[in-house]
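Below is one structure; the comments refer to it alone.
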Amino acid sequence: MAKTNWPKWFKTSIAKHFQDSLSSVELYIEGTKRPTTQSLDRFELAIDGPSFDQAAKDVFYIDITIGMLIMNKIDYNDPIKHETKVGIALDTFKPSICINKWGDGDGVFGSLHLDNVNVTRFELLDGSIEEISMINSKYSMTKLGET
């Protein structure tokens, strides 16, 4: 089955990709420390997986789901503020994400390729003070040979 370090390489590479891409916004990554009082204007990243399917001795099919929550306080002076933030977030879901062997020789493991991405907008409830959308994406990779 999959090698011991693979999950670490995927999570650190993906987290770094999105941190670098969204360096000018408040981004929280699932499983990391965050302040007890959070800003209403923020992005949250969740990484589910990777899932491994071993097709042959040295052939692996790898899938990973990446989700990003986009939240902001309603700004009646800027009615497209939320859509602008969603667009900024969508731009970070690149066609490929490089996976590096962080802390284990620091070489390149391979590239994840974007299969699909979709945006879900949550409807506002009466009295709501924030707008929320969720981006969900699926990336995949085929890994051949020992690594």
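Just so you know, all these numbers are worked out from the coordinates, no wet-lab data involved. All of these numbers come straight from a predicted model, not from anything done at the bench. No Cβ is skipped: glycine too gets one built from the backbone with ideal geometry, and neighbour counts run over all protein chains shown.
In nm, give the distance between the simple-model label positions of Gln38 and Ile74, each being 7 Å from the Cα along the Cα-to-Cβ direction.
2.1
Quick one: order Arg34, Arg42 by neighbouring beta-carbon count within 10 Å, fewest to most.
Ascending number of Cβ neighbours within 10 Å: Arg34, Arg42.
Which net charge results for the neighbourhood of Val25, defined as the other residues with beta-carbon distances under 13 angstrom from its beta-carbon, given Lys and Arg at +1 and Asp and Glu at -1?
-2
In debye, nearest 20: dipole of the chain around its Cα centre with unit charges on the Cβ of K, R (+) and D, E (-)?
Computed about the Cα centre, the dipole is about 500 debye.
Which one, Trp102, Thr120, Met141, is farthest towards the positive end of the dipole of segment 89-147 when Lys and Arg carry +1 and Asp and Glu -1 on their Cβ?
Met141
Enumerate by residue number the chymotrypsin sites (Phe, Trp or Tyr not before Pro) in segment 56-129 meeting two conditions: DSSP loop (anything except H, G, I, E, B), and at most 15 other Cβ atoms within 10 Å of the site's Cβ.
When the chymotrypsin sites (Phe, Trp or Tyr not before Pro) of segment 56-129 are filtered for loop state and at most 15 Cβ neighbours within 10 Å, Tyr76 remain.
Alpha carbon centre of segment 2-25 versus segment 36-93: separation in Å?
12
Please give the helix 6-21 orientation as an angle from the longest Cα principal axis of the chain, in degrees from 0 to 90, rounded to the nearest 10.
Tilt relative to the chain: about 40 degrees.
Reachable lysines from Lys11, Cα under 26 Å, same-chain residues fewer than 8 places away excluded?
Hits, sequence-local ones excluded: Lys3, Lys33, Lys57, Lys85, Lys94, Lys101, Lys138, Lys143.
With loop defined by DSSP as not H, G, I, E or B, and exposure as at most 11 other Cβ atoms within 10 Å, which is the longest segment of the chain clear of exposed GluC sites (Glu not before Pro)?
1-122
Could you tell me the relative contact order of the chain? Use alpha-carbon pairs under 8 Å, at least six residues apart, and round to a whole percent.
Relative contact order for the chain comes out at 26 percent.
Add +1 for every Lys or Arg and -1 for every Asp or Glu among the other residues with Cβ under 14 Å from the Cβ of Glu123, and state the total.
-2
Angle check, please: helix 81-90 long axis (alpha carbons) against the longest principal axis of the chain (alpha carbons), in degrees 0 to 90, nearest 10.
Rounded to the nearest ten degrees, it is 10.
Under the 0.36 nm per residue contour assumption, what length would be gained going from the current alpha-carbon distance of Lys94 and Ile129 to full extension?
9.5 nm
Would you compute, from DSSP H runs of 4+ residues alone, the mean residue ellipticity of the chain at 222 nm, taking -39500 (n - 2.57) per run and dividing by the full residue count, rounded to the nearest 500?
Estimated from H runs of four or more residues: -5500 deg cm²/dmol.
Counting other beta carbons within 10 Å of each Cβ, put Lys143, Lys33 in order, fewest first.
Lowest to highest Cβ neighbour count: Lys33, Lys143.
Quick check: convex hull over the Cα atoms of segment 22-72, volume per residue in Å³, rounded to an integer?
In segment 22-72, the Cα hull volume divided by residue count equals 93 Å³.
Which of these values of Kirkwood radius over Cα pairs in Å was calculated from the structure shown: [x] 16.7; [y] 15.1; [z] 17.1?
Step by step, Kirkwood radius over Cα pairs in Å for this structure corresponds to label [x].
Rounded if a/c is under 1.5, else prolate if a/b beats b/c, else oblate: with a ≥ b ≥ c from the C-alpha gyration tensor eigenvalues square-rooted, which is segment 80-147?
prolate
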